[in-house]
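Reading through the structure tokens given below for one structure.
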Protein chains: 2
Amino acid sequence: MNNVDIKTYMQLIGRKARDASNTMAKIDSSYKNIALTEIAASIQKNEKKLLSANKDDLETARGQGLESALIDRLKLTSKGVSNMVEGLLQISALTDPIGKISDLNYRPSGIQIGKMRVPLGVIGIIYEARPNVTADAAGLCIKSGNAAILRGGSEAYNCNQAIAKCVREGLVKSGLPETAVQVLNTTDREAVGELITMKEFVDVIVPRGGKGLIKRVSDEACIPVIKHLDGVCHVYIDEGADLDMSISIADNAKTQRFGTCNTMETLLIHKKIARKILPLLCKIYLNKDVELRGDKFSCAIVEEMVLATEDDWKTEYLAPIISIRIVSSLDQAVEHINSYGSHHTDSIVTEDYARARRFLREVDSSSVMVNASTRFADGFEYGLGAEIGISTDKIHARGPVGLEGLTSEKFIVLGSGQVR
Amino acid sequence: MNNVDIKTYMQLIGRKARDASNTMAKIDSSYKNIALTEIAASIQKNEKKLLSANKDDLETARGQGLESALIDRLKLTSKGVSNMVEGLLQISALTDPIGKISDLNYRPSGIQIGKMRVPLGVIGIIYEARPNVTADAAGLCIKSGNAAILRGGSEAYNCNQAIAKCVREGLVKSGLPETAVQVLNTTDREAVGELITMKEFVDVIVPRGGKGLIKRVSDEACIPVIKHLDGVCHVYIDEGADLDMSISIADNAKTQRFGTCNTMETLLIHKKIARKILPLLCKIYLNKDVELRGDKFSCAIVEEMVLATEDDWKTEYLAPIISIRIVSSLDQAVEHINSYGSHHTDSIVTEDYARARRFLREVDSSSVMVNASTRFADGFEYGLGAEIGISTDKIHARGPVGLEGLTSEKFIVLGSGQVR
């Protein structure tokens with residue numbers, strides 16, 4: 001398609017999504033749940049087709065010499081199909097957030113005023129590689145009463161189209177608008193440009209993928225974006241922290257998985273406890289092949305450590321590397337986290353009530369923890385049931401974004417003829 | 001200043017605001033309340049200076065031949081000063097939203113997960129004419145633990161600077177950072193351009209003023225904007241509505257004040273009740289010099305009515321003009337409101353339970369009402385205590401924006417050593 005055609009195509013997609021969103025906003029929970037189970041059934045039934053489409057994608061990707069990490073993310077297995085099915089059934093079991101009324105109170109004028117939860121409208125989701133996002137995102141948008149426009153990565157084109165067909169089948173079977181979820185059938189970059197600027201048709205954009213994608217989308221979008229940037233997460237081991245707990249949390253936060261956004265990248269440790277903990281902890285790290293980079297004080301304690309640069313404190317390694325800094329106070333720890341961190345997830349290990357309370361209040365991150373591993377920052381662990389992503393923004397949704405992040409609230413007023 | 005100087009100046013302002021916001025985020029309520037009462041005292045004490053500065057502004061404005069409506073908005077009286085003082089004291093009496101923890105629940109893993117309300121950080125407010133906004137906005141930002149950068153209109157320059165001095169005096173006296181509220185001392189348009197693009201220093205922009213200002217700010221900002229666009233509000237009088245209540249609400253919603261955003265602009269009325277109500281209601285409107293524009297069915301009932309054009313249904317008159325349309329069903333009314341309206345405030349007058357319930361759910365506006373005048377859409381009437389504006393956006397804050405709209409929530413996790 002040329003650019004004029006793409007614009008026309010996207011405007012049509014946008015208009016259909018807007019129309020569908022008006023219907024979706026008022027549909028009863030039971031119909032949305034039927035749609036989710038129908039989509040799940042269709043995906044299960046078409047497993048072979050999905051795997052075959054994915055095989056085509058994988059062959060193309062290998063032919064183009066794509067890097068192996070990307071090919072890993074692209075790969076769909078029989079287990080992956082079951083997970084998609086399971087995910088949709090889980091979403092159908094979640095409480096429907098739409099229409100929920102809260103804080104309905106009488107005012108002196110006699111009116112009652114409260115808030116009702118409503119869908120955002122049309123959600124544009126731009127993602128890469130993992131084909132399961134097509135099913136997950138469709139499920140979350142349907143349950144939250146929104147319409148969705150999905151734009152998957154070109155490398156997953158065939159598989160995404162196969163999943164899209166299952167989604168449409170489920171929507172039609174349940175009597176919901178087929179256009180409630182539209183998966184773009186072009187992978188032209190120009191289509192993304194249209195999607196993120198169609199103010200009249202799209203209410204929010206959720207980019208999911210590498211930093212390049214997210215940067216492009218946030219720079220160019222003129223629609224609000226719910227985005228996740230870096231995950232430079234910290235654990236701070238406070239003076240007088242429990243030794244075993246400190247080691248267990250610092251180990252888990254770094255090594256349970258290296259490549260996730262809620263993995264700790266920098267360990268801060270109080271100077272009074274550093275000599276006791278660092279040798280034991282670093283032995284564990286070294287046994288797990290974690291590279292150690294530290295400030296000069298840490299290097300003086302652990303000889304395998306190399307000196308960290310200023311850049312290290314700002315880096316999300318997503319790899320078996322850790323930076324370690326010894327601090328002389330809670331103030332210095334909070335200052336480090338707020339200035340070098342990415343406002344994602346940070347945890348203190350402490351036995352001290354007052355310092356725990358201060359850490360919770362003063363650390364400016366989407367998740368702030370006491371005596372728990374940063375790895376808990378996750379929609380499922382938080383009980384949101386599912387997540388569309390983790391937001392590092394402050395506006396609208398912050399932290400793991402579940403169904404509620406795809407909704408808004410309107411005021412409702414109940415009167416009996418009041419005037420001003 | 002030239003553009004390079006303005007950029008340098010704004011960067012400095014931004015950096016100071018960011019620093020101040022870090023302090024403001026952790027300050028106890030009592031100190032914020034002391035600051036608010038000190039600012040109020042300083043404004044009261046300096047009444048003469050404020051009125052004299054305002055006199056200078058008024059003279060300049062008259063000299064430049066500014067329109068009388070603008071000069072009206074610009075004028076500060078002794079009563080206006082008292083209102084500012086009263087407003088600040090009212091804000092100091094509001095509950096501090098910051099640090100409030102909600103929904104703290106145990107998860108199967110043993111961690112407790114909840115949400116803590118936190119300031120947004122730095123709020124940029126761009127406004128026109130009315131000098132009282134300087135005091136109101138400062139008060140709301142201080143109470144919500146934010147730092148503020150205020151950019152008032154050039155026509156109110158002297159008065160804004162005089163108020164700014166009182167704000168600084170109050171901040172210093174209470175031991176809060178003097179830079180928690182900075183009022184720009186330049187009225188160069190370039191400064192606005194910098195303010196709305198300094199992503200690293202400003203977290204949200206609130207434009208308050210005419211549509212030109214709001215359009216420019218939303219088009220050019222690369223920071224989230226909490227904005228208010230049109231107020232094309234509707235009252236729908238349903239089949240079988242109470243006659244007296246219908247007339248009372250439709251009268252009040254249109255005529256109590258013509259120039260406010262929550263004034264009704266279009267009246268929708270069910271065909272079965274139109275003949276009974278329209279003659280009585282239109283007589284009231286005509287007595288109050290309200291111009292009547294209607295569809296052909298309404299024109300057939302009231303001879304003083306002129307035929308409305310397609311544009312009328314989309315217009316916020318802010319004037320003694322009303323458009324009236326007869327509809328044949330609730331569906332048609334909802335469809336009209338959602339497609340022609342501005343998603344601001346819409347009300348149904350009805351005695352029917354099921355249709356009231358449907359209207360509440362299906363109308364996509366920031367305030368949806370049953371049997372109440374649209375004029376109630378207001379922060380004070382809703383019990384928010386004060387408002388920084390009314391948002392017609394869906395993301396983040398919707399409807400009247402009080403202290404809570406200037407805050408966000410972070411997740412907090414309390415554990416006892418849990419790992420994954």
Which one is nearest to the chain's Cα centre (by Cα) among residues in the stretch A:128-150 that are more than 23 Å from A:S78 (Cα to Cα) and assigned to a helix (DSSP H, G or I)?
A:C141
If a residue has to be in a helix (DSSP H, G or I) and farther than 27 Å from A:L70 by Cβ to count, how many in the stretch A:151-174 make the cut?
6
Looking at (1) among the small types (G, A, S); (2) more than 17 Å from B:R275 (Cα to Cα); (3) assigned to a strand (DSSP E or B), which one does B:S323 not meet, given that it meets all the others?
(2)
Mind listing just one residue for me: the one in the stretch B:402-420 that is among the β-branched types (V, I, T) and under 19 Å from A:S366 (Cβ atoms) and, of those, farthest from the other protein chains (Cβ to nearest Cβ)?
B:T407
What about A:D103, is it assigned to a strand (DSSP E or B), without any contact (Cβ under 8 Å) to a residue 40 or more places away in the chain and loosely packed, with under 12 Cβ neighbours inside 10 Å?
yes
For the condition at pLDDT 95 or above, out of contact with any strand residue (DSSP E or B) (no Cβ under 7 Å at 6 or more places or on another chain) and within 10 Å of chain A (Cβ to nearest Cβ), what is the one hit in B:V334, B:V349, B:V368?
B:V334
Could you say which residue among A:G124, A:G110, A:G114 is loosely packed, with under 13 Cβ neighbours inside 10 Å and in contact (Cβ under 8 Å) with a residue 60 or more places away in the chain?
A:G110
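This table checks each residue for (1) touching a residue at least 40 places away in the same chain (Cβ under 8 Å); (2) closer than 30 Å to B:I214 by Cα.
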{"site": "B:L280", "(1), (2)": "no, no"}
{"site": "B:I301", "(1), (2)": "no, no"}
{"site": "B:I322", "(1), (2)": "yes, yes"}
{"site": "B:E335", "(1), (2)": "no, yes"}
Please enumerate the residues belonging to the stretch A:9-22 that are at pLDDT below 95 and either of a type in the set (V, I, T) or loosely packed, with under 14 Cβ neighbours inside 10 Å (or both).
none
Screening A:L150, A:L94, A:L76, A:L88 for residues that are away from chain B (no Cβ under 13 Å), in contact with a Pro (Cβ under 7 Å, 6 or more places away or on another chain) and either without any contact (Cβ under 8 Å) to a residue 12 or more places away in the chain or within 30 Å of A:A53 (Cβ to Cβ) (or both) leaves only A:L76
For A:H336, are the conditions met, namely being in contact with a helix residue (DSSP H, G or I) (Cβ under 8 Å, 6 or more places away or on another chain) and in a helix (DSSP H, G or I)?
yes
Residue that is over 24 Å from the mean Cα position of the chain (by Cα) and either closer than 30 Å to A:G385 by Cβ or β-branched (V, I, T) (or both), where the choices are B:I125, B:I101, B:I91, B:I39:
B:I101
Candidates B:L76, B:L50, B:L58 - the one that is under 19 Å from B:G152 (Cα atoms) and assigned to a loop (DSSP other than H, G, I, E, B):
B:L76
Starting from residues that are at the interface with another protein chain (Cβ under 7 Å from one of its Cβ atoms) and under 22 Å from B:N132 (Cα atoms), keep the ones in the stretch B:377-401 and report whichever is surrounded by the fewest Cβ atoms within 10 Å (Cβ to Cβ).
B:G383
One residue from A:E47, A:E38, A:E67 being surrounded by fewer than 16 Cβ atoms within 10 Å (Cβ to Cβ) and either touching a helix residue (DSSP H, G or I) at 6+ places or on another chain (Cβ under 7 Å) or more than 14 Å from chain B (Cβ to nearest Cβ) (or both)
A:E67
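The values are calculated or read from the model by the stated rules, or taken from the named source; none is laboratory data. The structure displayed is predicted, hence computed values, not measured ones. We place every Cβ from the backbone using ideal geometry, glycine too, and count neighbours over all the protein chains shown.
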